[in-house]
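The values are calculated or read from the model by the stated rules, or taken from the named source; none is laboratory data. Note that the structure is predicted; figures quoted are calculated from it, not measured. With ideal geometry, Cβ positions are generated from the backbone for all residues, glycine too; neighbour counts draw on all protein chains shown.
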Protein chains: 2
Amino acid sequence: MRSLDIGKVVAAVRDVVGQEGVVALHEPQFSGNEKSYLTDCIESTFVSTVGVYVSKFEMMLQQVTGSKHAIACVNGTAALQVALQIAGVRSSDEVIMPALTFVATANSASFIGAVPHFVDSERKTLGIGSKALSERLAAIGERANGSVRNRETGARIAAIIPMHTFGHPVDVEGIESVAADWRIPVVEDATEALGSLYHNRHVGTFGLLSALSFNGNKIITTGGGGAILTDDDELAARAKHLTTTAKAPHRWAFIHDEVGYNFRLPNINAALGCAQLEQLDRFIEQKRRLAERYRRAFETVAGVAVFVEQAGARSNYWLNTLIVEDPERRDELLAALNNDGLMARPVWTLMHRLPMYHDCPRGPLDVAEDLERRIVNLPSSAKFA
Amino acid sequence: MRSLDIGKVVAAVRDVVGQEGVVALHEPQFSGNEKSYLTDCIESTFVSTVGVYVSKFEMMLQQVTGSKHAIACVNGTAALQVALQIAGVRSSDEVIMPALTFVATANSASFIGAVPHFVDSERKTLGIGSKALSERLAAIGERANGSVRNRETGARIAAIIPMHTFGHPVDVEGIESVAADWRIPVVEDATEALGSLYHNRHVGTFGLLSALSFNGNKIITTGGGGAILTDDDELAARAKHLTTTAKAPHRWAFIHDEVGYNFRLPNINAALGCAQLEQLDRFIEQKRRLAERYRRAFETVAGVAVFVEQAGARSNYWLNTLIVEDPERRDELLAALNNDGLMARPVWTLMHRLPMYHDCPRGPLDVAEDLERRIVNLPSSAKFA
């Protein structure tokens, strides 16, 4: 293999973004009705948990994703937490997820008292692989009284969370098939994947429920925000109820029939979201064009490979990704890019290396550990396309 | 006693609000820099967890309250949850609080696995009384190894949450004295009380920590939002850390050293908050003028009494409150007001009547139960002053 010329990587990235000075990892684009909807929201005086933009945003999300229901939440972590709870995850249950993910995936299980259980990722999708999942369940799973238990810990395995890393769809078919075999519900962490398709169907619509995120660095932003998707009427009603303090409808009385959350997306954030969603098609087109430009720019650069989507997947290419051949040189590359003002970052520290998740159950994590050492995310704002 | 003439109450409320048609319980007022700051926020592209308005909003909150630190959060429930956790409340601990409160007070304890323990309220403040608190602790409390245990349940009593009902300061001195005797930390639920003073000092600055709320119906709004107040440098740093996913500072690496929350207030909501806070003095002046007008309007109306602040307290009069002499007629009064388009409501269902808190430990709740039957909140928008 030819060796990595770090100067060449920096020059290639600088050439693709086509901008001098400091370049952020991901900036939102506000070129639509953002100001107008915010002004309208202020003039209506409805800025909080009640307002037309929340319903409008939910309807737009349904249209974009093809999901029957969308329940807007205060952020993606909150959405995933409630989705897990509604999927039946209880305190002390285990939830299977990748170790290669943002900490919110593990936290969302932790908040309801559940325990993350880490399964290896695969190179072709960066998400959990069906082979790793199947092998891990075969190694530790046993069926008992209509549920699956981890025979090493005795805990129930209550859900599987595939995470669509950097917007790239997981091997949905493979994972669905293993999950169906074991009858374990799938809750998709689609927080990075708004606009990504798997066989022409929007990710987040395969699981029993899923979570989206509209944080500031995502493909569209509501400031902070997220949503729960589901096709199930009853689960959707539960999601709405649980995210709005579990208040029973009444003309004036305050009756809350269970412990509910203050997780409703405020109308003002939804207003921003409506303006952003109107531009989603263009953002995705730009992101995909930018990804293609990165791919071409690195064709002739030795020592790094640009990560590209699988056949059958249409990724939103939320974050562009280099895989560094020689992991010993990753930090040198990160330093060079950042020193040049090009904000680049490694992937998240794997979950089982964080102190609070160190003792969680896990299978072999060789691929995740290898990817962790090699991934570098590049500046990915849509405007560079 | 002369009997209640419901028509007179409706007429008096209608006269005070001075507006035809449907009148909301509480509407925000956006007559300052709201649009301009939101526009600025959009133009800066910083709408999310990083941005100048979050820091500015926190500094303004420090100035307004006199608290050394203010940490902006996604809502008041989140603020209270994190404040309790930082005050040392752990899973299975008990937290003393009024039964007469909004469900978020109890939920915030519940979210961290703690158990609400209800103590009676007093008529003069509508908050927990020092006598009820003292008697309850004498009845069930025992000192053991530097902490206080409930000898009936065996659980540690880890915190006391006084809640400043409708903006009216509790008997801070009395409660502080009992809490100091037992060495139990106080975490103030000041979610309704921004701008309220007790002996010229802002409520929320007496406890070890406290929580504010800026929900849509509060005296100022950020859409959804809240804040943690504390004078303690170390607790403030913990609050900031815990509300921002517990991420350790690093140029690019993702290291989270404990289970943290995605609870940071987005910059766009903080921008709204800055514009609102600039008008707080006027809002309070208006609210207090409106309260005075209600007081005068009801001087000659039999069967109801307007609740007024205690000597030494300056209330923000968030919600104006009638105490109905004959509780049998409360619902008739509520129906008449609402049928006339005047949105009025009873106080929250007491916490121990809700199914999820029914079995929580509690002392006698006679005053709270009596108040629950008699309270009616009236339309309280500042604009009616």
Please pick out the residue among A:Gly195, A:Gly154, A:Gly204 that is of a type outside the set (Val, Ile, Thr), without any contact (Cβ under 8 Å) to a residue 24 or more places away in the chain and on the phi > 0 side of the Ramachandran plot.
A:Gly154
Within the range A:262-302, count every residue that is within 14 Å of chain B (Cβ to nearest Cβ) and of a type in the set (Val, Ile, Thr).
1
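Quick one: is A:Leu290 outside any loop (DSSP other than H, G, I, E, B) and over 30 Å from B:Phe263 (Cβ atoms)?
On the way: outside any loop (DSSP other than H, G, I, E, B): yes; over 30 Å from B:Phe263 (Cβ atoms): yes.
Considered against the rule, which asks whether it is outside any loop (DSSP other than H, G, I, E, B) and over 30 Å from B:Phe263 (Cβ atoms), A:Leu290 comes out as yes.
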Starting from residues that are surrounded by fewer than 16 Cβ atoms within 10 Å (Cβ to Cβ) and at the interface with chain B (Cβ under 8 Å from one of its Cβ atoms), keep the ones in the range A:248-261 and report whichever is nearest to the chain's Cα centre (by Cα).
A:Glu258
Mind checking whether some residue in the range A:286-309 is closer than 30 Å to B:Gly225 by Cβ and surrounded by fewer than 21 Cβ atoms within 10 Å (Cβ to Cβ)?
no
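Residue by residue, here is whether (1) assigned to a loop (DSSP other than H, G, I, E, B); (2) touching a residue at least 24 places away in the same chain (Cβ under 8 Å); (3) within 16 Å of the chain's Cα centre (by Cα); (4) not assigned by TED's automatic domain parsing to the domain that holds B:Glu325 holds:
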{"site": "B:Ala211", "(1), (2), (3), (4)": "no, yes, yes, yes"}
{"site": "B:Thr222", "(1), (2), (3), (4)": "yes, yes, yes, yes"}
{"site": "B:Ala239", "(1), (2), (3), (4)": "no, yes, no, yes"}
{"site": "B:Asn269", "(1), (2), (3), (4)": "no, yes, no, yes"}
{"site": "B:Arg296", "(1), (2), (3), (4)": "no, no, no, no"}
{"site": "B:Thr300", "(1), (2), (3), (4)": "yes, no, no, no"}
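With respect to B:Ala104, is the statement that it is within 14 Å of another protein chain (Cβ to nearest Cβ), part of a helix (DSSP H, G or I) and either touching a Leu at 6+ places or on another chain (Cβ under 7 Å) or under 13 Å from B:Ala211 (Cα atoms) (or both) true?
Details: within 14 Å of another protein chain (Cβ to nearest Cβ): yes; part of a helix (DSSP H, G or I): yes; either touching a Leu at 6+ places or on another chain (Cβ under 7 Å) or under 13 Å from B:Ala211 (Cα atoms) (or both): yes.
Spelling it out, B:Ala104 is indeed within 14 Å of another protein chain (Cβ to nearest Cβ), part of a helix (DSSP H, G or I) and either touching a Leu at 6+ places or on another chain (Cβ under 7 Å) or under 13 Å from B:Ala211 (Cα atoms) (or both).
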Flagged pairs (Cβ under 7 angstrom, 6 or more apart or on separate chains; first in the range A:326-348, within 16 Å of B:His250 (Cα to Cα); second among the aromatic types (Phe, Trp, Tyr)) are A:Leu334/B:Trp252; A:Asn338/B:Trp252; A:Arg345/B:Trp252; A:Pro346/B:Trp252; A:Trp348/A:Phe102; A:Trp348/B:Phe254
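Residue-wise test of (1) buried (at least 21 other Cβ atoms within 10 Å of the Cβ); (2) touching a Gly at 6+ places or on another chain (Cβ under 8 Å); (3) closer than 15 Å to A:Met351 by Cβ; (4) assigned by TED's automatic domain parsing to the domain that holds A:Ala79.
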residue: A:Ser110; (1), (2), (3), (4): no, no, yes, yes
residue: A:Gly113; (1), (2), (3), (4): no, yes, no, yes
residue: A:Thr125; (1), (2), (3), (4): yes, no, no, yes
residue: A:Ala139; (1), (2), (3), (4): no, yes, no, yes
residue: A:Glu142; (1), (2), (3), (4): no, no, no, yes
residue: A:Asn150; (1), (2), (3), (4): yes, yes, no, yes
Among the residues in the range A:355-362, are any without any contact (Cβ under 8 Å) to a residue 60 or more places away in the chain and assigned to a helix (DSSP H, G or I)?
yes
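Results for (1) surrounded by fewer than 15 Cβ atoms within 10 Å (Cβ to Cβ); (2) more than 21 Å from the chain's Cα centre (by Cα), shown as yes or no for each residue.
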site: A:Ile323; (1), (2): no, no
site: A:Asp326; (1), (2): no, yes
site: A:Leu333; (1), (2): no, yes
site: A:Asn339; (1), (2): yes, yes
site: A:Val347; (1), (2): no, no
site: A:Leu354; (1), (2): no, no
site: A:His358; (1), (2): yes, yes
Answer yes or no: is there a residue in the range B:329-341 that is in contact with a Gly (Cβ under 9 Å, 6 or more places away or on another chain), part of a helix (DSSP H, G or I) and farther than 22 Å from B:Glu299 by Cβ.
no
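With the range B:18-89 as the region, which helices (runs of 4 or more DSSP H) entirely inside it contain at least 3 residues that are under 28 Å from A:Tyr37 (Cβ atoms) and in contact with a helix residue (DSSP H, G or I) (Cβ under 7 Å, 6 or more places away or on another chain)?
Details: elements: B:34-44, B:52-65, B:76-86.
Of the helices (runs of 4 or more DSSP H) lying wholly inside the range B:18-89, those with at least 3 residues that are under 28 Å from A:Tyr37 (Cβ atoms) and in contact with a helix residue (DSSP H, G or I) (Cβ under 7 Å, 6 or more places away or on another chain) span B:34-44, B:52-65.
Okay, residues lined up against (1) away from every other protein chain (no Cβ under 14 Å); (2) within 30 Å of B:Ala109 (Cβ to Cβ); (3) under 18 Å from the mean Cα position of the chain (by Cα); (4) at pLDDT below 95:
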| site | (1), (2), (3), (4) |
| --- | --- |
| B:Val16 | yes, no, no, no |
| B:Phe30 | no, no, no, no |
| B:Asn33 | no, no, no, no |
| B:Cys41 | no, no, no, no |
| B:Thr45 | no, no, no, yes |
| B:Val50 | no, no, no, yes |
| B:Gln62 | yes, yes, yes, no |
| B:Ser67 | yes, yes, yes, no |
| B:Val74 | no, yes, yes, no |
